[in-house]
Amino acid sequence: MRPTLPSDLTVTTLPTPWGRALAAASAQGLHALWLGDDDAALLTLWRRAWGHPAPLGVLPTAWQAVLREVLAHPGTPCPLPLAPQGSPFQQRVWAALHTIAPGQTLSYGALAARLGMPNAARAVASACARNPLAVVIPCHRVVGADGRLSGYRWGLARKRALLQAEAASARPT
């Protein structure tokens with residue numbers, strides 16, 4: 001069953017250093033931030049996910065500026081109100097992702113252990129895969145048990161580039 005989206009939802013696309021982004025927001029906050037190669041592909045993903053076309057519009061200029069800054073500088077906290085929809089477990093995993101420092105990684109199993117559920121690595125991976133807020137909720141910081149990059153909804157090349165950008169920003173100058 002699909003969650004119900006707010007009636008005042010606005011969806012827009014914007015350029016990022018990682019390709020294109022689709023952002024969906026309402027008065028409640030930011031509901032989605034997806035990465036892709038082009039607007040058409042992102043809008044097709046939206047239609048598949050929600051069963052109807054995206055309600056295209058324009059986000060407030062201040063919101064667009066914040067999103068551009070957050071996407072240009074991964075690891076920058078997002079000051080916008082966030083409204084990702086997910087199960088209580090998914091919400092718990094998404095909150096725990098913020099405890100991983102920018103440029104650092106943690107395995108799915110280690111994150112599960114942090115949550116007090118050492119046998120839940122696959123469930124943690126599934127929650128990461130359903131993260132609707134790319135970069136803002138930093139699921140790109142989670143790796144396989146062997147330290148290798150694995151499973152990123154928006155592509156492993158983007159995951160690698162995001163981690164490299166965060167690591168470069170975290171280095172002392």
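Put a dot 7 Å past the Cα of Asn119, heading toward its Cβ, do the same for Arg48, and the two dots end up 3.4 nm apart.
Rolling a 1.4 Å probe over the protein heavy atoms of the chain, with every protein chain left in place, gives an accessible area that is 56 percent carbon and sulfur. Full extension of the segment from Ala72 to Gln104, taken as 0.36 nm per residue of separation minus the current Cα-Cα distance, would add 9.7 nm. From its DSSP helices (H runs of at least four residues, each -39,500 (n - 2.57)), the chain gives a residue-normalised ellipticity at 222 nm of -11500 deg cm²/dmol. Contact order, relative form, for region 108-173: 22 percent (alpha carbon pairs under 8 Å, 6 or more residues apart, mean separation divided by residue count). Normalised per residue, the accessible area of region 88-169 is 46 Å², obtained with a 1.4 Å probe and no contribution from ligands, DNA or RNA.
Among the protein heavy atoms, those of Val136 account for about 10 Å² of accessible surface (1.4 Å probe, every chain in place).
The values are calculated or read from the model by the stated rules, or taken from the named source; none is laboratory data. Note that the structure is predicted; figures quoted are calculated from it, not measured. All Cβ positions, glycine included, derive from the backbone under ideal geometry; neighbour counts span all protein chains shown. Side chains included, ligands, DNA and RNA excluded: accessible areas come from the protein's heavy atoms. Shrake-Rupley method; radii C 1.70, N 1.55, O 1.52, S 1.80 Å.
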